[in-house]
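The structure's right below; bear with me while I get my questions together.
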Amino acid sequence: MASDNKKLKLYSYWRSSCSFRVRIALNLKGLKYDYIPVNLLKGEQSHPEFLKLNPVGFVPVLVDGDLVLADSLAIIMYLDDKYPQHPLLPSDIHKRAINFQATHIVSSSIQPLQNISFLNYIGEKVGPDEKLPWVQSVLRKGFTALEKLLKDHTGRYAMGDEILLADVFLAPQLHAAFTRFNIPMNEFPIMSRLHETYNATPAFQEALPQNQPDAVHYVQKEKVVLLHLHLNMESEAVNLKLYSHWMSSCSFRVPIALNLKGLKYHYVAVTASSKSDPEFLKLNPLALIPVLVDGNFVLAESLAIIMYLDDKYPQYPLLPHDIPKRALNFQVAHIVASSIQPFQNMGFLNNFIEKKVGPHEKLPWAQSVIRKGFTALEKLLKDQAGRYATGDEIFLADLFLAPQLYSAYKRFNISMNEFPILSRLHEAYNGISAFQEAFPEKQPDAVNSD
Ligand SMILES: N[C@@H](CCC(=O)N[C@@H](CS)C(=O)NCC(=O)O)C(=O)O
């Protein structure tokens with residue numbers, strides 16, 4: 001009984017697809033845990049006690065001894081570092097990268113846009129009948145891209161015959177799509193086959209929403225430029241191309257990594273119209289930048305690209321050795337990538353908020369999302385930040401924070417007095433050449449009007 005203190009605790013909600021990911025990882029690794037339900041429908045995620053565990057007000061949260069960690073990606077990377085049984089990432093660098101790509105498509109381009117609080121916003125501002133068609137359009141767009149991405153990789157599971165990180169993120173999203181959001185399974189053959197395989201795999205079955213203690217059982221319907229940066233003497237010849245747009249905050253993350261690692265690259269400017277060009281869609285069916293091409297290897301999704309660069313080009317490591325600190329880096333990066341940026345990206349503001357809610361709503365909406373995220377980040381970093389976000393060295397978290405801070409200041413006029421730590425970090429980033437070279441206004445396609 002005394003060891004109970006040491007038992008892992010998972011704060012979860014039965015139908016939360018983000019919690020579902022963590023349950024799968026825990027099961028795959030054979031880890032026992034106490035399940036602590038947080039009822040999202042009753043708003044328990046916003047109770048002060050819960051906000052102490054996760055200032056963003058989302059499940060899942062994992063408690064492992066003294067470590068309190070929120071965010072499914074951060075938790076899963078932590079579990080994979082600390083409990084090496086059933087590794088979730090393969091040793092092959094390319095396969096690792098595609099795992100991160102598929103994972104990040106789910107976690108930053110699909111799930112945030114069908115999350116409860118966002119659907120409530122649509123219900124209120126646009127109309128309740130708009131919720132389902134919206135979720136379906138997001139799912140269809142994401143699944144179309146995933147079908148294309150995975151077609152040359154799948155075996156029994158998403159990335160071959162082993163269960164890997166991509167599966168842990170895909171399974172909950174497929175479950176939600178096919179059982180809650182009525183996406184016909186025949187539209188997406190690979191996704192459907194994977195869904196059936198997961199349903200027949202014990203670690204996934206036990207993690208299913210309906211098998212959780214808090215489940216409620218009812219029937220639901222519900223331009224080319226070479227940057228002159230120093231290369232290590234021994235560095236192999238690089239043939240890197242970055243497809244980017246100067247204003248994209250996701251693209252901004254990647255040149256910081258390239259610059260820190262001293263890697264030369266060709267910058268290929270992608271305009272709004274060239275994103276739908278069939279040649280570009282071959283590189284990224286989601287029609288999103290950034291895309292990195294390294295020789296024959298094509299990779300999209302900023303997190304996947306940065307993890308790939310870190311695996312392949314080890315100079316200037318972007319993750320610390322210390323396991324909780326690695327996890328904290330993933331947590332910060334993922335808060336930015338999945339809880340802030342998707343809601344303030346230009347496509348979303350112009351195509352959704354402007355058209356469906358109203359043009360005057362764009363700025364207040366973006367500001368509220370950024371403030372909510374920054375409030376959480378400020379709390380999270382208060383005992384962790386040094387000169388940079390997670391101490392005195394630059395790591396992954398800084399690569400995600402810097403672009404988000406930059407756009408908060410420059411585009412969204414956020415008054416930063418409320419966020420002293422973040423303001424200080426912003427100043428620190430502005431003083432470093434690897435970050436300065438990556439600034440939007442320094443990119444070859446920048447239109448500098450002011
Ligand atoms: N990036 C976070 C997202 C977490 C998230 O969106 N959780 C949802 C459930 S899947 C939630 O708690 N929603 C409550 C709300 O929107 O108020 C993660 O991967 O853990």
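Take residue 119 and tell me if it is within 10 Å of the ligand (Cβ to nearest atom), assigned to a helix (DSSP H, G or I) and in contact with a helix residue (DSSP H, G or I) (Cβ under 9 Å, 6 or more places away or on another chain). Step through it out loud before you land on a result.
Numbers: within 10 Å of the ligand (Cβ to nearest atom): yes; assigned to a helix (DSSP H, G or I): yes; in contact with a helix residue (DSSP H, G or I) (Cβ under 9 Å, 6 or more places away or on another chain): yes.
Criteria met by residue 119.
Still on this structure, I have one more. With the condition being aliphatic (A, V, I, L, M) and assigned by TED's automatic domain parsing to the domain that holds residue 328, I'd like the helices (runs of 4 or more DSSP H) fully within the range 351-450 carrying at least 3 qualifying residues. Reasoning before the result, please.
Details: elements: 362-381, 396-410, 420-430, 433-436.
Once the helices (runs of 4 or more DSSP H) in the range 351-450 are filtered for at least 3 residues that are aliphatic (A, V, I, L, M) and assigned by TED's automatic domain parsing to the domain that holds residue 328, what remains is 362-381, 396-410, 420-430.
Right, something else. Output the number of the condition that residue 89 fails; it satisfies all remaining conditions of (1) within 16 Å of the ligand (Cβ to nearest atom); (2) within 20 Å of residue 309 (Cα to Cα); (3) in a loop (DSSP other than H, G, I, E, B).
(1)
Going by the conditions given, is residue 82 of a type outside the set (Asp, Glu), more than 21 Å from residue 322 (Cβ to Cβ) and either surrounded by 18 or more Cβ atoms within 10 Å (Cβ to Cβ) or at pLDDT 95 or above (or both)?
Taking the combined requirement at face value, the residue does not satisfy it.
A follow-up question, please. Any residue at all in the range 392-411 that's surrounded by 14 or more Cβ atoms within 10 Å (Cβ to Cβ) and of a type in the set (S, T, N, Q)?
Yes, because at least one residue in the range 392-411 is surrounded by 14 or more Cβ atoms within 10 Å (Cβ to Cβ) and of a type in the set (S, T, N, Q).
Among the residues of the range 327-374, write down those that are in contact with a Leu (Cβ under 7 Å, 6 or more places away or on another chain) and polar (S, T, N, Q).
Narrowing the range 327-374 to residues in contact with a Leu (Cβ under 7 Å, 6 or more places away or on another chain): 327, 329-337, 342, 362, 366, 374.
If the condition is that a residue be in contact with a Leu (Cβ under 7 Å, 6 or more places away or on another chain) and polar (S, T, N, Q), then 329, 331 are the ones that fit.
Only one of 30, 43 is surrounded by fewer than 17 Cβ atoms within 10 Å (Cβ to Cβ), within 11 Å of the ligand (Cβ to nearest atom) and farther than 23 Å from residue 325 by Cα. Can you tell me which? Don't jump to the end; show me each part of the working.
On the way: 30 fails: within 11 Å of the ligand (Cβ to nearest atom).
Answer to the check: 43.
Another question about this same structure. If you go through the range 46-79, how many residues are more than 12 Å from the ligand (Cβ to nearest atom), touching a helix residue (DSSP H, G or I) at 6+ places or on another chain (Cβ under 7 Å) and not hydroxyl-bearing (Ser, Thr, Tyr)?
Count: 5.
Yes/no per residue for (1) more than 19 Å from the chain's Cα centre (by Cα); (2) closer than 21 Å to residue 41 by Cβ; (3) within 15 Å of the ligand (Cβ to nearest atom):
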site	(1), (2), (3)
105	no, no, yes
108	no, no, yes
114	no, yes, yes
128	yes, yes, no
135	no, yes, yes
140	no, no, no
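Can you pull out the residues in the range 270-287 that are assigned to a loop (DSSP other than H, G, I, E, B) and over 9 Å from residue 244 (Cα atoms)?
First pass over the range 270-287, keeping only residues assigned to a loop (DSSP other than H, G, I, E, B): 270-273, 277, 284-287.
Answer for the range 270-287, where residues must be assigned to a loop (DSSP other than H, G, I, E, B) and over 9 Å from residue 244 (Cα atoms): 272, 273, 277, 284, 285, 286, 287.
List pairs: first in the range 111-127 and β-branched (Val, Ile, Thr), second within 10 Å of the ligand (Cβ to nearest atom) and modelled with pLDDT under 95, Cβ under 8 Å, 6+ apart or cross-chain?
Going by the 8 Å Cβ cut-off, the qualifying pairs are 116/40; 116/41.
Give the range 49-82 a look and list any residue that's in a loop (DSSP other than H, G, I, E, B) and either among the polar types (S, T, N, Q) or in the same structural domain as residue 372 (by TED's automatic domain parsing) (or both), or say none. Outline the logic, then answer.
Here is the first cut: in the range 49-82, the ones in a loop (DSSP other than H, G, I, E, B) are 54-60, 65-66, 71.
Passing the criteria: only 54.
Of a type in the set (A, V, I, L, M), in a loop (DSSP other than H, G, I, E, B) and surrounded by fewer than 24 Cβ atoms within 10 Å (Cβ to Cβ): is that true of residue 263 in this structure?
On the way: of a type in the set (A, V, I, L, M): yes; in a loop (DSSP other than H, G, I, E, B): yes; surrounded by fewer than 24 Cβ atoms within 10 Å (Cβ to Cβ): yes.
So residue 263 passes the test.
Moving to a separate point now. Of the residues 431, 386, 358, which is more than 26 Å from residue 310 (Cβ to Cβ) and exposed (fewer than 15 other Cβ atoms within 10 Å of the Cβ)?
Working: 431 fails: more than 26 Å from residue 310 (Cβ to Cβ); 386 fails: more than 26 Å from residue 310 (Cβ to Cβ).
Criteria check complete, one pass: 358.
Also, quick follow-up: Just to be sure I understand, how many residues within the range 269-317 are at pLDDT below 90 and surrounded by 14 or more Cβ atoms within 10 Å (Cβ to Cβ)?
Selection size over the range 269-317: 2.
The values are calculated or read from the model by the stated rules, or taken from the named source; none is laboratory data. Treat the numbers as computed from the prediction; the structure is a model and nothing was measured. Ideal geometry is used to build each Cβ from the backbone, glycine not excepted, and the neighbour counts take in all protein chains shown.
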